[in-house]
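Every number here is computed from the coordinates shown, using simple stated rules; none is lab data. Being a predicted model, the structure only gives us computed values, none of them experimental. Cβ sites come from the backbone with ideal geometry, for glycine too, and all protein chains shown count toward neighbours.
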Amino acid sequence: MLTAAGRLFRENGIRATGVDAISRGAGLTHGAFYSQFESKEALAAEAIRLALSRSRRVWQRAAEGKRGSEAFRRIVAGYRSPAHRDAPGRGCVVAALGPSIARQPRMVRRAFTRELKDAVGFLAGLVPGDDPARRHEGAIAAFACMTGALILARAVDDERFSSQILETAASRIVRGGRRGR
């Protein structure tokens, strides 16, 4: 149910996705939903938590056996790929739902915040540099730029411009990372 809910939330938005659609998407009855979750908000918190933790595992796989800066470049390259851009239901929950999460109940925002901090912490371990505080700042800036670029690339109706947005952002992120920012 969590996987179906996460996909539907990313595709349609949290508010636009009802319990019936989630239950159908998971192949369950409406009653089965309420036997597992007390509310749609409780489900949203868990689905967002799961989606972010799965994204972090994708990053961990991309980083396996690579030096920090090389792992960082691989993560950025995967994030800015056309395949990621074109699959919002399976892609980054931050880019798909970030603005609507700000309007969600505290339970949802708390789950999002916890997982986002973990994701930034993981990236900070890959950002070049010696100063942990600057690496953390660099990870925040890189992730903000990555998600912003993905949002813009998905929003425009010109595929060439969309690709240019992704390429330009990735290039700036990687260059900024090499300077230890």
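Brief remarks on what is shown
- GLY148 vs. criteria in contact with a helix residue (DSSP H, G or I) (Cβ under 9 Å, 6 or more places away or on another chain) and within 17 Å of GLY91 (Cα to Cα): yes
- Only one of the listed residues (ALA170, ALA133) is within 18 Å of the chain's Cα centre (by Cα) and among the small types (Gly, Ala, Ser). That residue is ALA170.
- In region 12-25, the qualifying residues are those that are buried (at least 18 other Cβ atoms within 10 Å of the Cβ) and over 18 Å from ARG109 (Cβ atoms), and the one that is nearest to the chain's Cα centre (by Cα) is ILE22.
- Scanning region 42-53 for residues that are surrounded by 16 or more Cβ atoms within 10 Å (Cβ to Cβ) and either over 25 Å from LYS117 (Cα atoms) or not hydrophobic (A, V, I, L, M, F, W, C) (or both) gives GLU46, ARG49.
- Cross-chain or 6+ apart pairs with Cβ under 9 Å, region 32-47 first and free of Cβ contacts under 8 Å to residues at least 40 places away in the same chain and outside any loop (DSSP other than H, G, I, E, B), then surrounded by 14 or more Cβ atoms within 10 Å (Cβ to Cβ) and of a type in the set (D, E, K, R): PHE33/LYS40
- Criterion violated by ALA153 - all others in (1) touching an Asp or Glu at 6+ places or on another chain (Cβ under 8 Å); (2) within 20 Å of GLU11 (Cα to Cα); (3) of a type in the set (A, V, I, L, M, F, W, C) satisfied: (1)
This table checks each residue for (1) within 24 Å of ALA153 (Cα to Cα); (2) touching a Pro at 6+ places or on another chain (Cβ under 7 Å); (3) hydroxyl-bearing (Ser, Thr, Tyr).
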| site | (1), (2), (3) |
| --- | --- |
| GLU11 | yes, yes, no |
| ASP20 | no, no, no |
| ARG24 | no, no, no |
| LEU43 | no, no, no |
| ALA51 | yes, no, no |
| ARG74 | yes, no, no |
| ARG80 | yes, no, no |
| ARG85 | yes, no, no |
| ALA95 | yes, no, no |
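- Residue tally, condition outside any helix (DSSP H, G or I) and among the small types (Gly, Ala, Ser), over region 21-31: 1
- Summed over region 1-31, residues that are within 20 Å of GLY91 (Cα to Cα), among the aliphatic types (A, V, I, L, M) and without any contact (Cβ under 8 Å) to a residue 60 or more places away in the chain total 8.
- Yes/no for VAL127 being of a type in the set (Val, Ile, Thr) and either free of Cβ contacts under 8 Å to residues at least 40 places away in the same chain or within 20 Å of HIS84 (Cβ to Cβ) (or both): no
- Considering PHE33, PHE37, PHE9, the condition of being more than 21 Å from the chain's Cα centre (by Cα), closer than 21 Å to ARG110 by Cβ and crowded, with 19+ Cβ neighbours inside 10 Å is satisfied by PHE37 alone.
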